[in-house]
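Following: one structure in C-alpha cells, then a few remarks.
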Amino acid sequence: QVQLVESGGGLVQPGGSLRLSCAASGSIFSISAMGWYRQAPGKQRELVAAMPSVGITNYAASVKGRFTISRDNAKNTVYLQMNSLKPEDTAVYYCNARIYTDYRSSPGDYWGQGTQVTVSS
C-alpha cells in the first residue's frame with residue numbers, strides 16, 4: 001500500500017507565506033510525477049503545480065511567480081512554497097503522485113487526504 005501524507009496548511013493573512021509538504025510512503029518502486037491540486041468550495045479541483053521526474057515543471061497561471069514546487073527524491077517528498085498569498089488561494093490542497101509499486105506494473109495515481117489553506121485577514 002502507498003500513502004501520501006500532507007502537512008503545512010493553516011490560516012494566513014493576505015500577502016503571507018505557507019509551505020506545504022507531502023511525503024509518500026509504503027510499497028514504492030519509483031515515483032514519476034508529483035504535484036499539487038486544490039479545490040475551493042463550489043469549484044472543481046484544479047492543478048496548481050506539477051513536477052515530473054524529468055522535464056518541465058508546470059504551474060497554473062494564477063500562481064506563477066508566487067508558488068514554487070520542489071522535490072526531495074531521497075525522501076519521496078514534494079513541497080509547495082506559497083508566497084504572496086491571496087484570499088482566492090483559499091482551498092483544500094491535495095498532493096498527487098504517480099507511483100510505480102514494482103518494475104512490471106503500470107503506475108498508479110495516488111492522492112493525499114488534503115490540507116486546508118485559508119487566506120484571510
Determine the share of the chain's accessible area contributed by carbon and sulfur atoms, expressed in whole percent, with a 1.4 angstrom probe. 48 percent
Given a Förster distance of 25 Å, the FRET efficiency implied by the Cβ-Cβ spacing of ASP109 and GLN13, rounded to the nearest 0.05, works out to 0.15
Excluding same-chain residues fewer than 8 positions from LYS75, which lysines have a Cα within less than 27 Å of its Cα? LYS64
Output the peptides 15-25, 98-108 sorted from most to least packed, where packing is the average of other Cβ atoms within 10 Å over each peptide's residues. 15-25, 98-108
Subtracting the Cα-Cα distance from 0.36 nm times the residue separation, let me have the gained length for VAL2 to ALA61 in nm, one decimal. 18.2 nm
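Averaged per residue, what accessible area in Å² does region 52-91 show with a 1.4 Å probe, protein chains only?
About 56 Å² of surface per residue is accessible.
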With the cut-off at 26 Å, report for region 6-121 the share of all Cα pairs above it, as a whole percent. 18 percent
Whole-Hz Karplus ³J(HN,Hα) for region 22-28, in order, using 6.51 cos²θ - 1.76 cosθ + 1.60 and θ = phi - 60°, x for Gly and Pro? 9, 10, 9, 9, x, 7, 10
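The values are calculated or read from the model by the stated rules, or taken from the named source; none is laboratory data. Note that the structure is a prediction, hence the values are computed from the model and not measured. No Cβ is skipped: glycine too gets one built from the backbone with ideal geometry, and neighbour counts run over all protein chains shown. Remember, those area values only see protein heavy atoms, side chains included, never the ligands or the DNA or RNA. Shrake-Rupley method; radii C 1.70, N 1.55, O 1.52, S 1.80 Å.
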